[in-house]
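*Asks:* This is the structure, below, for whatever I ask next.
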Amino acid sequence: MGKITAEAKKHYFDKVKEYKQVLDTILKREKYLLSLVEKDPATAPYKKLALADENLNLASYYVLLNEISVSLLSIKNENYLNEARKICYKSLIYLEEVVSGYIDVPYSDYKEKCEQIEGFEDAKRYELIKKLGFTIEAVVDGFGANSKWRWSFVELEARFATIAKNMLNMRTLISGMDPRVAGYEARLNHLNLVKESLANAADRYREKYELSTLRLDDFKLAISYLGAARRLFALLGEADNAEMTKKKIEIWSQKMDADDKRLSEKKPSSRGAE
């Protein structure tokens with residue numbers, strides 16, 4: 001890396017100063033929205049949707065600050081990226097509070113929560129989910145393939161898949177699959193994103209299990225995401241996909257049980273340890 005010129009440094013710090021003013025403005029809006037949540041709990045779910053959106057704006061500016069550092073100074077600024085990473089989690093938490101973080105459960109388990117945002121249009125749901133996914137992807141790409149956060153990103157991406165699923169308006173999803181119904185394209189795109197994200201979450205947790213942790217909890221989560229996908233296929237009447245996913249769940253479950261047995265046999269007994 002060549003020497004950083006005084007001009008490049010000045011240009012960089014001027015840009016940082018400019019964007020930090022924007023960050024301060026967003027943080028003030030967040031504080032205001034939080035005060036409204038406390039004052040009027042009845043509208044809290046809608047306010048939390050706005051809070052999630054504001055935090056994604058915040059994260060995007062931190063990603064941008066890193067890109068400016070790379071562009072002007074040829075230095076990756078992981079402090080900015082780490083702030084963006086933490087803010088993505090914060091946005092996820094707001095959304096989980098609205099529609100729950102349940103993975104493989106019937107819609108009836110979180111229906112009551114979802115009914116509180118019944119007026120949140122399908123197109124707006126898709127735009128928010130798409131923005132969340134794009135922001136997470138930008139953070140992951142910013143850190144790079146060899147980041148120390150590589151395996152923790154599996155959880156981040158999987159929780160995104162859960163939220164994307166739970167943000168679907170299941171009550172109107174089937175009737176809304178008619179191309180003549182307003183908002184069809186957004187619903188279809190959202191649904192396709194959910195299918196892809198659930199499959200990716202299952203594969204990524206399986207990969208994490210195989211290549212990193214060997215923790216059965218990770219394998220169980222992988223199977224849970226397959227279960228969520230199977231429920232969705234069944235709801236949509238996609239019998240072939242539901243059956244194919246069922247078989248995959250059976251194969252993965254057999255593999256998990258075999259691994260559990262093998263690992264248990266390797267552990268020394270308490271008597272042997274004495």
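*Asks:* Taking the range 58-104 as the search range and keeping residues that are in contact with a Ser or Thr (Cβ under 9 Å, 6 or more places away or on another chain) and basic (Lys, Arg), which one is farthest from residue 159 (Cα to Cα)?
*Replies:* 76
*Asks:* Right, another one. Quick test of your reading of the structure: residue 75 fulfils all but one of (1) part of a helix (DSSP H, G or I); (2) closer than 30 Å to residue 150 by Cα; (3) among the hydrophobic types (A, V, I, L, M, F, W, C). Name the failing condition by number.
*Replies:* Only one criterion is unmet by residue 75, namely (1).
*Asks:* Quick check on my filter: what residues within the range 108-127 are under 17 Å from the mean Cα position of the chain (by Cα) and in contact (Cβ under 8 Å) with a residue 60 or more places away in the chain?
*Replies:* 125, 126
*Asks:* Right, here's the next one. Counting only residues that are surrounded by fewer than 13 Cβ atoms within 10 Å (Cβ to Cβ) and acidic (Asp, Glu), which one in the range 1-41 is modelled with the highest pLDDT?
*Replies:* 24
*Asks:* When you go through (1) out of contact with any Leu (no Cβ under 7 Å at 6 or more places or on another chain); (2) without any contact (Cβ under 8 Å) to a residue 40 or more places away in the chain one by one for residue 33, which number turns out not to apply?
*Replies:* Evaluating residue 33 over (1) out of contact with any Leu (no Cβ under 7 Å at 6 or more places or on another chain); (2) without any contact (Cβ under 8 Å) to a residue 40 or more places away in the chain leaves (1) as the failure.
*Asks:* Pull out all pairs, ordered by first then second residue, where Cβ-Cβ is under 8 Å, the residues are six or more apart or on different chains, the first lies in the range 155-181 and is under 16 Å from residue 229 (Cβ atoms), and the second is among the polar types (S, T, N, Q) and in a helix (DSSP H, G or I).
*Replies:* Between residues of the range 155-181 that are under 16 Å from residue 229 (Cβ atoms) and residues that are among the polar types (S, T, N, Q) and in a helix (DSSP H, G or I), the close pairs are 157/197; 157/200; 160/197; 161/197; 161/200; 164/197; 165/197.
*Asks:* Take the residues in the range 104-127 that are hydroxyl-bearing (Ser, Thr, Tyr), in a helix (DSSP H, G or I) and in contact with a helix residue (DSSP H, G or I) (Cβ under 7 Å, 6 or more places away or on another chain), then tell me which one is farthest from residue 193 (Cα to Cα).
*Replies:* Once the filter is applied, the top-ranked residue is 107.
*Asks:* Something else about it: Step by step: first the residues of the range 128-154, then only those that are without any contact (Cβ under 8 Å) to a residue 12 or more places away in the chain and assigned to a helix (DSSP H, G or I), then the one that is farthest from the chain's Cα centre (by Cα). Which residue is that?
*Replies:* Taking the candidates together, the pick is 141.
*Asks:* With 235, 216, 226 as the choices, which residue is under 26 Å from residue 134 (Cβ atoms) and in contact with a helix residue (DSSP H, G or I) (Cβ under 8 Å, 6 or more places away or on another chain)?
*Replies:* After applying the criteria, what remains is 226.
*Asks:* State yes or no: is residue 43 in a helix (DSSP H, G or I), free of Cβ contacts under 8 Å to residues at least 12 places away in the same chain and either touching a Gly at 6+ places or on another chain (Cβ under 7 Å) or closer than 21 Å to residue 131 by Cβ (or both)?
*Replies:* no
*Asks:* Within 22 Å of the chain's Cα centre (by Cα), among the hydrophobic types (A, V, I, L, M, F, W, C), assigned to a helix (DSSP H, G or I) and surrounded by fewer than 16 Cβ atoms within 10 Å (Cβ to Cβ), is that true of residue 235?
*Replies:* So residue 235 does not fit the description; no.
The values are calculated or read from the model by the stated rules, or taken from the named source; none is laboratory data. From a predicted model like this one, the values you see are computed outputs, not experimental measurements. All Cβ positions, even for glycine, are placed from backbone atoms using ideal geometry, and neighbour counts span all protein chains on display.
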